[in-house]
Amino acid sequence: MNKSGKLAYNASVVIVAIAAAMGIGAIVFAMVGADIVKAYTVILTEPLKDMIGITEIIVRAVPLSLIALGIAIAFRSGILNIGAEGQMLMGILASSATAIAFASLPKPILVPLSILAGAAGGAIWGGIAGVLKAKLGVNEILSTVMLNYIAAQFYTFLLRGPMMDPEELVTGSGTPQTVRMPRNAWLDRLLPGTRLHAGVYIAIGLAIVVFFLLWRTTAGFRMRAAGAEAKAARYSGVKVQRYLIIAMLLSGAFAGMAGAVEVLGVHRRAIEGISGGYGFTGIVVALFGGLHPAGIIPASMFFGLLLLGADMTQRLASVPANMVLVLQGAIILAIVSARQFMNNPYVQDKVARAFSRWFGKPEPPAPPGSIQACPDPSDTPDPCLADDPDALAAAKDTASKDTATEDTTPEEASR
Amino acid sequence: MGHEPIRSLELRGITKRFPGILACDHIDLSVGEHSVRALVGENGAGKTTLMNILMGLYHPDEGHILINGSEVHFRSPNDAFDHGIGMVHQHFMLVQNMTVAENVALGMQSAHKLFRLDLASVKKRILEISERHELPVNPDAMVWQLSVGEQQRVELVKTLCLGARFLILDEPTSALTPQETDELILLLQKMSRELSIVFISHKLNEVKALSDTVSILRRGRIVFEGRTENHSSSDLAALMTGHEVELPRVDSTGIDRSGDRGLLSIRELNVLGDRGNIALDGVSLDLAPGEIVGLAGVSGNGQRSGSIQIDGVEIAGSSAARIIGVGMGYIPEDRNTEGIVPSFSVRENLVLKDVGEKQWSTAGFLKLKAIAANATGLRERFDIRCPSTDTAAGSLSGGNIQKVILARELARGPKALVAVYPTRGLDMGAIEFIHKQLLERRKEGVAILLISEELEEIMNLSDRVAVIYKGKILKVVPGKDATKRSLGLLMAGVVDE
C-alpha cells in the first residue's frame, strides 16, 4: 500500500472502530430501555451547544491532560504508573494545606507555591513506587495501586479530621471538606459566568514542555532508552534506575499538579470525590493519545466531552451516567483492536487483496526491488527490501502468532 | 500416528508472499528415503519459511506438497506430525520447568487418558527411542538443569517419540559448542540410516560433513542443487552469497610487541559464574596496542574480583558510564537487547553512548541535525542497509544491526575493544565485512579482545590465542601456530606439546 492508501486505510479503521464502539453502546442503551439515538445525540452534541458546555469540557480536559502527560512520561520510561489517582489526591492535600497555611502571602507567590506544593505531594507519592521499583524490584503496578488505597484513606482521614473545616463542627453538619481556599490562592477564571480557569495555560504549556523533555533533551533520550530496552541502556552507560525514579517523580508531580489545579481553579476547597476517577481516565487518555502530547491534548478534550455528555444524558435522556462508563470501555476495546489492524501488515495485506478481488482492480505487482528475501520468523527481516520498516517490525512480532490462520482466504479463492 | 513410511517427499512450485516480499518463489524440492538434504542460504533467503510451509505453520500461496506421489494439505503442524514429519526448531520449544517426560507428553495424544496423564508409557517410549538411536536422555530430569546439548537431544527424542520419520532440523548447531556439534553430526549420520533428514544451516563445514545432497536458496529461489561431495565449501559459499567470499586473515609476521606495555591489561581476575562456579580463576592477560587476542573456551558472566586497566586507568568495578568514558568499546553478546534499543531509530542508536557529549547536545538539548548527519555518514561508511536512518533499528536484519553497533563502537575511537561473538548467526557477507573492520582497527592501534566460539574466526583474526580451561588460561599460543586441532585439545584441557 502506498502512503495515501495507508492513510485512507487507517482512517477507515478508526471509523469502523468508533462505529463498533457505538454499536456496543447502543446495545447497552437498549438494554436499559433508553432511546438510543437520543442518548447519542445528547452525549455528542449537547455539551457543544453553548459556551458553558464547551468551557466545561475544557475544565474536565485540564486535569485529564495533565495526568495523561505524566502517565506518558512514565510509560515511555518503561514504568506503568497506575497510581495517578492517589498521586492526585496527595497533590490536592499538599496544595490546599499550603494555600491555607500561607493564606496571607500575595497572590503571585501563593498560587505558584501551592501548585508546586501539589506537584511535590504527587511526586513524593509517585517517587515511593519509583524507589521501590528501582531499589527492590517491587512491581510498580502493584505498588501504585496499593498506594492509591492508602492515599484515598489518608485523604478521607484528613478531611474528616485534622483538615476539616471548623465551621462544619460548629454547625454540626459534618460535611467532610476543608475550609474555602484563600482568595489569594485562586486560579483566575477566564470567562465570566463559566468555570474555565487559568489551569488551561498550565496544561498547554506543560504539554509543550513534555514534548521537548522527551524528544529534545538528553534526559528524555535516556529515559526513553531505559524504557524501551533497559539492558541496552545500561550497557550504554545510562543509569537506568536513576531515570526510572526521575520518571516516577515527574509522573507523580504531573498528577499532583492536576489535583492542585482542580482544587485551586474549580472547587476551591478540598472535598470528597474531587478526583472523580480522573486518575484512571487519565491512563486511557494517555494511551488514546498515543503517549504523545500532540495526541493527548485532543484525547483529553474528547474524554472531557464524554464525561460531560454522560452527566447530561442522565438529565436529558434518563440514561444513568454510569452507562457512559460502559461506552468508554467499549471505545477502549475498539481502539485496542483497531491498533491490531493498523499495525499488522498481514491483516493489511489480506484486506488489500480481498478489496482488489471484490472490486476487480488487479493488485499492482510488487516493484522488482521488493521481490526479495523472506521474513523468517526466526530471523529479523531486512527492511531494505520493503518500503515500510514499521510494518516489518510488526511483522516480526506477529509472524509467529499469525501463521495458523492467515492466508486461508487467498488459497480458497484460488480454487 | 503410525502409517506408511515416507518414501519420497516433494515440494512443487511452492510460492509464499509476505507483504511486499516474495519469500519463496516457485520452489521445487524433493527428498528421498534415508537421505540427508542440506538446505543452505543466507539469513532471510527463505529456508525457514519453506520448512514452516512443510510443517503446516504457513499455507503456501501456490504450489503443492506431495508425499509418496500423492498430494497432501497441511492445515496445522498436527497434520504434518500425522504424516510423520517432525521439526526441531532453531530455538528449543521446551518448557523449562517441566521434566523431559512431561515435555514429550505435551505432544503425545496417546498419553492423554480421560482423567490422567499416562507418564509411565511416555517414559517407556522415551527409553525405547533413546536406546534405538543412541540418544541418552533421562526422562525424569528437569529441562532447565540440562545443558544446551542435552536439550537438543531432548528435542530430537521428543520429535521421534511423536512418530517422526522425516526430520527437519533448523540450524541445529547454532547454540552448541564445537564438541557438541561434532557429536550431533555423528549422531545424525547414524540416524540417517533410518530416517530422512532436511538440515538447514549456513555453516558449510557441517553441510559438507553431514549431507548427501545440497540445495542452495538465495532470495527465495533455489539457485543450486547437487551432490555435496562434488563441491567444495568455497564453491558453496560463493553460490550462497552470489560472489566469491574470502575471509580476511591477520598478518602478524615480523611484529615484535615485546617492548609494548599493555594497553588493556587484566590482572588476577577472578569471576564467579552465575551458578556459583568459578568462571575465571586468577586470569592475567595483556593486550598491546594494535593487537587482537582471541579468547577460546570462555562463557557466562558474573561476580568478579581483580584488576582491569585500560591505558593505566583502573576500571574493574567502575560504572558502565566510566568504563565507556575511558575508551572501552564493547560489542555485546546479545545484539538485540544489549547492543541496541530496538524501537529507537538507527540514528538514535548510533549516539546511544555519547548523547551527553558536546557533539550531540548543548545544555541537555539534543542537536538533532548533528545526530542525523552523523547517522548519514556512518551509514555510508559502514554500509548499513536501511530505508532511512529514521528506521527502527530493531527492524533491521541481524547483520545490519551488528553493523550499527560496530559503527557506534568504532566511530567513538576506542582504545580497546571487546568483541563477544561478533559474527554469531550472521551470513558470510556480513562476517567478511566485520572481520575487515576489526583488522582495520587493529592497524590503527586498537587493542581488541575477541571472544568467539568459532575457532576459525579466532584463528583468522588473532595475533595470539588464549585458551581458557576451567577458569584458567591454559596457554597462550601465537595465532599463526594455532590449528583447530591444537586449540581443540587445549580447550579440552590437554597440554602436551
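None of the figures in this text is laboratory data; all of them are computed from the coordinates on show. Given the structure is predicted, the values throughout are model-derived calculations rather than measurements. All Cβ positions, glycine included, derive from the backbone under ideal geometry; neighbour counts span all protein chains shown.
Below, the figures for the structure above:
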item: Cβ-based exposure ranking for B:HIS435, B:HIS202, B:HIS112, in which fewest neighbours within 10 Å come first; result: B:HIS112, B:HIS435, B:HIS202
item: For the stretch A:12-151, alpha-carbon Rg and Dmax in angstrom; result: 20.4, 57
item: Under 28 Å between alpha carbons - lysine pairs in the stretch B:8-241 that sit 8 or more apart or on different chains; result: 18
item: Protection proxy ranking of A:135-144, A:327-336, B:45-54 - average other beta-carbon atoms within 10 Å, highest first; result: B:45-54, A:327-336, A:135-144
item: Convex hull of the stretch B:341-411 built on C-alpha atoms - directionally averaged projected area, nm²; result: 4.2
item: The stretch A:212-296, Rg to Rh (Cα coordinates; Rh as Kirkwood inverse mean 1/r); result: 1.08
item: Whichever lysines have a C-alpha closer than 19 Å to that of A:LYS133, once near sequence neighbours (fewer than 8 apart) are set aside; result: A:LYS231, A:LYS239
item: Pairwise FRET efficiency - B:VAL148 versus B:ARG267, Cβ, R0 = 30 Å, nearest 0.05; result: 0.40
item: Per-pair calculated FRET efficiency, R0 = 30 Å: A:TYR149 and A:PHE102 via Cβ, rounded to 0.05; result: 0.50
item: Calculated FRET value between B:ASP28 and B:LYS472, using beta carbons and R₀ = 51 Å, to 0.05; result: 0.40
item: The stretch B:42-142: GluC sites (Glu not before Pro) in DSSP coil with no more than 16 other Cβ atoms inside 10 Å; result: B:GLU134
item: Hydrodynamic radius (Kirkwood) for the stretch A:55-316, which is based on Cα pairs only, to one decimal in Å; result: 18.4
item: Footprinting exposure proxy for B:SER361, B:SER30, B:SER397 (fewest neighbouring C-beta atoms within 10 Å first); result: B:SER30, B:SER361, B:SER397
item: Three principal axis lengths of the protein assembly as shown [C-alpha, angstrom, descending]; result: 100, 76, 57
item: Inter-chain Cβ neighbour average for residues B:341-349, partner chain, 10 Å; result: 5
item: DSSP bridge pairs, the protein assembly as shown: antiparallel proportion in percent, nearest 5; result: 60
item: Average other protein chain Cβ within 10 Å of Cβ, residues B:61-67; result: 1
item: Relative contact order (percent, whole number), the stretch B:74-179, Cα cutoff 8 Å, 6+ residue spacing; result: 45
item: Structure-based [θ]222 nm, the protein assembly as shown - -39500 (n - 2.57) summed over DSSP H runs of at least 4, per residue, nearest 500; result: -15500 deg cm²/dmol
item: Rg/Rh ratio calculated on Cα atoms of the stretch B:58-128 (Kirkwood radius); result: 1.06
item: Pairwise centroid distance, computed over Cα atoms, of the stretch B:177-217 with the stretch B:127-164, Å; result: 18
item: Anisotropy class of the stretch B:175-232 from Cα gyration tensor, a/c 1.5 cut; result: prolate
item: Chain lengthening between B:ALA363 and B:SER307 when straightened (0.36 nm per residue, less Cα-Cα); result: 16.6 nm
item: Spatially proximal lysines relative to B:LYS436 (Cα-Cα < 16 Å; intrachain offsets below 8 disregarded); result: B:LYS403
item: Neighbour-limited loop hits for trypsin sites (Lys or Arg not before Pro), the stretch A:21-71 (at most 15 other Cβ within 10 Å; DSSP other than H, G, I, E, B); result: A:LYS49
item: Cβ-defined net charge surrounding A:MET146, 15 Å radius [Lys, Arg +1; Asp, Glu -1]; result: -1
item: Eligible lysines near A:LYS49 by straight Cα distance, threshold 28 Å, same-chain separation 8 or greater; result: A:LYS38
item: Shielding by partners, peptide B:383-392 (average Cβ within 10 angstrom, other chains); result: 3
item: Debye, to nearest 20: dipole size of the stretch B:8-241, +1 on Lys, Arg Cβ, -1 on Asp, Glu Cβ; result: 320
item: 40 Å tail of the calculated P(r), chain B, as % of Cα pairs; result: 30
item: The stretch A:95-160: Cα Rg divided by the 2.2 N^0.38 Å rule of thumb; result: 1.38
item: Cα-based radius of gyration of the stretch B:101-148 once divided by 2.2 N^0.38 Å, which approximates compact folds; result: 1.19
item: Calculated P(r) tail over 33 Å for the stretch B:8-241, as whole % of Cα pairs; result: 17
